[in-house]
Amino acid sequence: MFIVVTTMDSGESQVSEYQNRRWMNIRKLLERSGPFCHPDFEPSAEILDFIMNSCKVLVVGAGGLGCELLKDLALMGFKKIHIVDMDTIELSNLNRQFLFRKNDIGLSKAKCAVEFVNKRIPGCEAVAHHCTIQSLDEGFYRQFHIIVCGLDSIVARRWLNGMLVSLLEYNDDRSLDQSSVIPMVDGGTEGFKGNARVILPGMSACIECTLDLYPPQKTYPLCTIANTPRLPEHCIEYVKVIQWAKENPWGSGTALDGDDPQHVAWVYEKAQERAMKHGIANVTYRLTQGVLKNIIPAVASTNAAIAAACATEVFKLASSCCVNMNNYMILNMADGVYTYTFSAEKRQDCIACSNTPHVMEIESNATLQVIYDKLCEDQGYMMKSPGITTVINGRNKTLYMSSIKSIEERTRDNLKKKVTEMGLYNGADILVADVTTPSTITIKLKLIENEDVEMSR
Amino acid sequence: MASPSPKSPEQSEKNKQYDRQLRLWGDHGQATLENGHVCLINATALGTETLKSMVLPGVGAITIVDDNNVSDEDIGSNFFLEITSKGLNRGSEALRLILELNPAVQGHAVQEPPDQILQENPDFFKSFNVVIATALNEKTILSLSQHLWDINVPFMLCRSVGFLGSLRIQMKEHTVIEIHPDNDQPDLRLDVPFPALVEYLDGVDLESAELKDHAHIPWIVFLYKAVQKWQTSYQNMWPMSRKEKNDIRNILHEFMKIDNCGVPIYQENIEEAMKAVNTALVPTFLPSRIQELIYSSAATNLTKESSSFWIMCSALRGFVEAEGKGRLPVKGTIPDLTASTDHYVKLMNIYRSQAAMDAEIMYRKVQQIVTQLHCDSISEAEVKLFCAHAHDLCVIKGSNIATEYQLGSNVASYIARHLEEPDVMMVHYVMLRAAEMFISEHCQSPGDWEPEADIAKLKTCVTKFLSDISCSPFPKDDHIHEMCRYGGAEIHTVSAFLGGCIGHEAIKIITKQYKPVNNTLIYDGASTNTAIFTF
């Protein structure tokens, strides 16, 4: 059977018998064949043995989705589960993160979740990592069979996606070595809506292939905030962006903290004053907090449904008892319950997973700023604060880097220079680093002659 | 330096705890939820996962009816049972562990079979806002659903078998004021402007405005002026056709300021006006759905028992026929648009005041009706909310589960039509019904012990069901085989998905916000597919 105990006394033998009954529900799926099974599926008791004793699954995020995922996986037989989250528990988590209680506020989410599930489900050996995903290295990620994400940050998703792509290995004929593929199941929710997807890095559409599926971030133009506010949000943004820095209510150097009720109250009152002055209604404390912290509404039910859909896919991946979802499901529970599953397409020139040299076309008289803007704005890149370096005569040269203040000041003027002035040429490589990816990306520049001569006055 | 001390009181503990959901259904929705009392029959994994999604957001109270004792299989699939629960009453154990999630929720466990309660104390069910049942047999489904239909208590019948699951909602009638539509249509009345709006629109002079001011005039004004200009050639007409709308676009183009070289200067507000030509010029009308509502018998034959919704519908009919001149009360909101603060605030207040006036008239009409009927009063806030959403009112008329189970001609042809399509999700429905028949006949789930041997027996049930709806047997046995493979197993993640959906729909039913499923949801976890059927 699935529990191989060589030196067992009578007590332990009762436990294994007992566990047999306990897992009867999933054993029916794993030990019986069916007409709709995956073609590779061979029913056997060994599959549950694999799920329980060999298959290592990493859950990324121990929030609304993560708590559900941990419970779901443990009840589907997985024991070797790791969970990573850097956050600590807050009161506003408790309406959906069901493994936490008021007494747990301030404690590590990952540790608390693991403790609860290991206690409730005997045999479960979940392990917590209270740290950022970026602080764990290749070796850590490589140990898992499957990774499942319940994150609220697109940047973190992209970073993890980049990590899994960087673990891919290619054969001599440039074909993908499939044993290096770690499947990634990704879930996300926002209010009554959510999505779940299955990514086989290098084989199917990855996070970077489908960046256009994320809605653009809501931003307010500075001139509107400053000169022509219309909405209560504009008044709050004004206080946040302009008035706070001007008045420094808690002394210069104290950054506005959306989690500090005193700070929120101050912004709320100033925003109200501004709204009053302009005859704008509906600045509320809740809205103030929402704008300051960019709060996304969340409810237990949506998280439960999306996490369950993800966990079902993990179970299918681990057992082959069923063909996986192909490959992206959206869920909308605002009007009835609606789901739609479609096959998101792999981008041939994907910056992360295409395994072909990346080429950027720019005009030959373009400035470095043009490259920088393309990296931030082009649908294929959408980077946050790219650092650009190159190699000239065998030596690294930093062209622009905004993340480190001293380097930013030193390299700022380069943005206005033409790329050709800095030693770049047609076919030159630039190396780009960004928070959205764990590894540096090499991009080949293709300089094209400016055709619209008459336009350049 | 002394710290500033803002005077605003901090949010209450409860507001903080529920913050993320209050942004969805508001304080009033939360208050309704906290007064809600839900009954769960059978604390299966599906049952407890459903309750979890209601207890966390703070439903008022839960009652679990379950006379089963906890088995090993229960512990293997249900998170709200623990190893030490084995052999104890399942409802009480589940209740204990679920209530840990939220101390604000009240809970009760009743260790009696539902059939016994139906016989001895049928009034038991009257106090619930919704009754949710899992793992019921056919006989109990029929008697319980009929009883709940008769006493008008919403009923949610749920199943989870293998990769399949279903939810059937039975309600006589469900009314929703706030459906929270994804894209809210503006209600601008440019074709029938009310006096305050006319005064404002006529007061804006496009010609004399300097570029800076010109670029900060709301597109609504431009569009209105464009139509006025167009109407100098087409008296008493309104631009409807594609050509006429293009005329309007051309006029809008002429409104653009010109730079020194004679090139029109790009203006965001005029660009917005161009985009709005298709939507904002749709003449104001009474949507036929709303017309049906206000002239339906529930709104025209009010009684003392009529709900506030129907009383307000009746008042709305009065408004439409008199002051509204065939139109609904003004919504009172405008979309965000490029404008100076002054213009935007002025324009918004004009719409807002008109909405307040309309709501005031509505409130008086409602009060009149309430006085005539001697029924419970309706607050002004309630009437205001109703008016603001009068364009989106929603009524769902439900059907009886007993009728569905009798497979009358309408139900039969509905199922047959989907089977012919062929719609595999309807095949799943048939399989779930056939498995239920199997259990009635054989007292165990198909494939529970002998998957191969049960295929023939289950096939008999399927064939019987299909012949009852005048359909020929399925050409292949694959779905029958698959159901026998499941052997009645409850798979946790399938129940967790459905539990999330069912808890969610129950919250919609209690809060009367958002449209619930009408009336059947089928889920197939194997293909990651859902379908909605309306029996």
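Could you compute how fast chain B diffuses translationally, taking Rh as the Kirkwood radius over C-alpha pairs and applying Stokes-Einstein at 20 °C with viscosity 1.002 mPa s? Give it in µm² per second. Mind showing how you got there, number by number?
Numbers: Rh = 27.2 Å.
Result for D is 79 µm²/s.
Remark: mean inter-chain Cβ contacts per residue of A:292-302 equal 6, using a 10 Å Cβ-Cβ cutoff to other protein chain atoms.
If you take the accessible area of A alone plus B alone and subtract the pair, what total do you get in square angstrom, rounded to 100, with a 1.4 Å probe? The partial results should precede the final answer.
Values: alone 24210 and 26030 Å², together 42420 Å².
Heavy-atom accessible area buried at this interface is about 7800 Å².
Let me check I have the definition right: for the range B:195-280, take the eigenvalues of the Cα gyration tensor, multiply each by 5, take square roots. What are those semi-axes in whole Å, largest first? Show your work: numbers first, answer last.
Numbers: eigenvalues 86, 53, 27 Å².
Equivalent ellipsoid semi-axes, largest first: 21, 16, 12 Å.
Residues of the range A:261-275 buried by at least 50 Å² of accessible area upon assembly of all protein chains, compared with the chain on its own (1.4 Å probe): A:GLU269.
At a 1.4 Å probe radius, which order do B:ASP468, B:ASP392 fall into by accessible area, largest first?
Details: B:ASP468 75, B:ASP392 30 Å².
Of B:ASP468, B:ASP392, the descending order of accessible area is B:ASP468, B:ASP392.
Normalising the average separation of contacting C-alpha pairs (under 8 angstrom, six or more residues apart) by the number of residues puts the relative contact order of the range B:342-501 at 17 percent.
For the range A:222-251, list whatever residues lose no less than 30 Å² of accessible surface once every protein chain is in place, relative to that chain by itself, with the probe at 1.4 Å. Output list: A:THR228, A:ARG230, A:LEU231, A:PRO249, A:TRP250.
Please give the peptides B:29-42, A:183-196 ranked by average Cβ packing (other Cβ atoms within 10 Å per residue), highest first, as a rough proxy for protection. Numbers along the way, then the final one.
Working: B:29-42: 20.8, A:183-196: 23.0.
Descending mean neighbour count gives A:183-196, B:29-42.
Looking at chain B, the accessible area is 41 square angstrom per residue; that uses a 1.4 Å probe and ignores ligands, DNA and RNA.
Peptide B:176-188: average number of partner chain Cβ atoms within 10 Å per residue? Each step should come with its number before you reach the end.
Values: counts 0, 0, 0, 2, 4, 2, 4, 0, 0, 0, 0, 0, 0.
Mean partner-chain Cβ count within 10 Å for B:176-188: 1.
Highest mean packing first, where packing is the average number of other Cβ atoms within 10 Å per residue, the peptides B:205-215, B:344-354 line up as B:344-354, B:205-215.
Of the accessible area of the range B:407-486, with the probe set at 1.4 angstrom, what percent is carbon plus sulfur?
On the way: 2050 of 3720 Å².
Of all accessible area on the range B:407-486, carbon and sulfur atoms account for 55 percent.
Per-residue mean of foreign Cβ neighbours for B:152-161 is 0 (Cβ atoms of other chains, 10 Å radius).
Where in the range A:337-381 does accessible area fall by at least 20 Å² between the isolated chain and the complete protein assembly, at a 1.4 Å probe radius? With the partner chains in place, the range A:337-381 has these residues losing at least 20 Å²: A:VAL337, A:THR339, A:THR341.
Spin-label pair A:GLN134-A:GLU408: with each label point 7 Å from Cα along the Cα-Cβ axis, the two points sit 1.4 nm from one another.
Filter the chymotrypsin sites (Phe, Trp or Tyr not before Pro) in the range B:214-260 down to the DSSP loop ones having no more than 15 other Cβ atoms within 10 Å, then list what survives. All intermediate terms of the calculation are to be shown ahead of the outcome.
Working: sites: B:TRP219, B:PHE222, B:TYR224, B:TRP230, B:TYR234, B:PHE255; in loops: B:TYR234, B:PHE255.
In loop regions of the range B:214-260 (DSSP not H, G, I, E or B), the sparsely surrounded chymotrypsin sites (Phe, Trp or Tyr not before Pro) are B:TYR234.
When DSSP beta bridges are restricted to pairs lying wholly in chain B, around 55% turn out antiparallel. For the range B:407-486, the relative contact order is 35 percent, taking Cα pairs closer than 8 Å that sit 6 or more residues apart in sequence and dividing their mean separation by the residue count. Summing charges over neighbours of A:GLU313, with a neighbour being any other residue whose Cβ is under 14 Å away from its Cβ, gives -2 when K and R count +1 and D and E count -1. Across the protein chains, with a 1.4 Å probe defining accessible surface, the residues B:ASP184, B:ASP448 rank B:ASP184, B:ASP448 from largest area downward.
Taking N as the number of residues in the range B:1-80, what value does Rg over Cα atoms divided by 2.2 N^0.38 Å take? Write down the numbers at each step before the final one.
On the way: Rg = 18.8 Å, N = 80, 2.2 N^0.38 = 11.6 Å.
Taking N as the residue count of the range B:1-80, the ratio is 1.62.
Beta bridges from DSSP with both residues in the range A:18-177: antiparallel share about 20 percent, rounded to the nearest 5. Sorting the segments A:207-217, B:436-446, B:261-271, A:227-237 by their residues' average number of neighbouring beta-carbon atoms within 10 angstrom, most packed first, yields A:227-237, B:436-446, A:207-217, B:261-271.
Extents of the protein assembly as shown, taken as max minus min of Cα coordinates on every principal axis and listed largest first, are 93, 90, 66 Å.
Short-range pairs are left out: with C-alpha atoms under 8 Å and at least six residues apart, the relative contact order of chain A is 15 percent. Neighbours of A:LYS80, meaning other residues whose beta-carbon lies under 9 angstrom from its beta-carbon, give a summed charge of +1 when Lys and Arg score +1 and Asp and Glu score -1.
Using a 1.4 Å probe over the heavy atoms of the protein chains, calculate the carbon and sulfur portion of the accessible area of the range B:288-397 as a whole percent. Let's see the in-between values first.
Numbers: 2530 of 5060 Å².
So the carbon and sulfur contribution to the accessible surface is 50 percent.
A cut-off under 12 angstrom between Cβ atoms defines the neighbours of B:ARG20, and their net charge, with Lys, Arg +1 and Asp, Glu -1, is +1.
What percent antiparallel are the DSSP beta bridges of the protein assembly as shown, to the nearest 5? Please report the intermediate quantities before stating the final value.
On the way: 58 of 101 bridges.
If we restrict to bridges inside the protein assembly as shown, about 55 percent are antiparallel.
The residues of the range A:323-457 have, on average, 57 Å² of accessible surface per residue, using a 1.4 Å probe with all protein chains present. Tell me, what % of the accessible area of the range B:195-280 is carbon and sulfur with a 1.4 angstrom probe? Here carbon and sulfur together make up 51 percent of the probe-accessible area.
The values are calculated or read from the model by the stated rules, or taken from the named source; none is laboratory data. A quick note: this is a predicted structure, and the numbers were derived from the prediction, not measured. With ideal geometry, Cβ positions are generated from the backbone for all residues, glycine too; neighbour counts draw on all protein chains shown. Ligands, DNA and RNA are excluded from the accessible area calculation, which covers all protein heavy atoms including side chains. Shrake-Rupley method; radii C 1.70, N 1.55, O 1.52, S 1.80 Å.
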